[in-house]
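A short worksheet on the structure shown next.
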Amino acid sequence: MVTDRIKKKSVELLGYEIDTVELRLMPYIMHVVQNGKCLDARSCNKDDYDVLYKWREAGYCKGILSKLTITKEFWVILCEIVFLGYVDTN
């Protein structure tokens, strides 16, 4: 669930409020880049790809349809938001 804390943090880090699609996609993207893999097309839908293209346009990632890579800046952003969404549930 996208909480007020997550909305506030995403505005601070990304410049906009993320939605549930983005929040749910973030841990998967972390998994993919940690393991040096390509996205599994069976695991992504049109909404997911729309988010990925938005991130690519922002300069956060490359290689959406091939081996996915992200910037260190984006890795830190993902860690902050995923921590709030999945670890620190206070």
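At a glance:
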| item | result |
| --- | --- |
| Matching label, mean projected area of the Cα convex hull in nm² computed from the structure shown, candidates [x] 5.4; [y] 6.7; [z] 7.5 | [x] |
| Candidates per trypsin sites (Lys or Arg not before Pro) in the range 10-42, loop by DSSP, up to 12 other Cβ within 10 Å | LYS37 |
| Selection from TYR53, ILE77, LEU65 lying farthest towards where the dipole of the chain points positive, charges on Cβ | LEU65 |
| Stretch gain in nm, segment CYS79-SER66, where the contour uses 0.36 nm per residue and the Cα spacing is subtracted | 2.4 nm |
| Where labels lie 7 Å past Cα in the beta-carbon direction, separation of ARG5 and CYS38 in nm | 3.8 nm |
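Each value in this text was obtained by applying a stated rule to the coordinates, not by laboratory testing. Only a predicted model underlies this, so the values are computations on that prediction, with no experimental measurement involved. Using ideal geometry, Cβ is built from the backbone for each residue, glycine included, and neighbour counts are taken over all protein chains shown.
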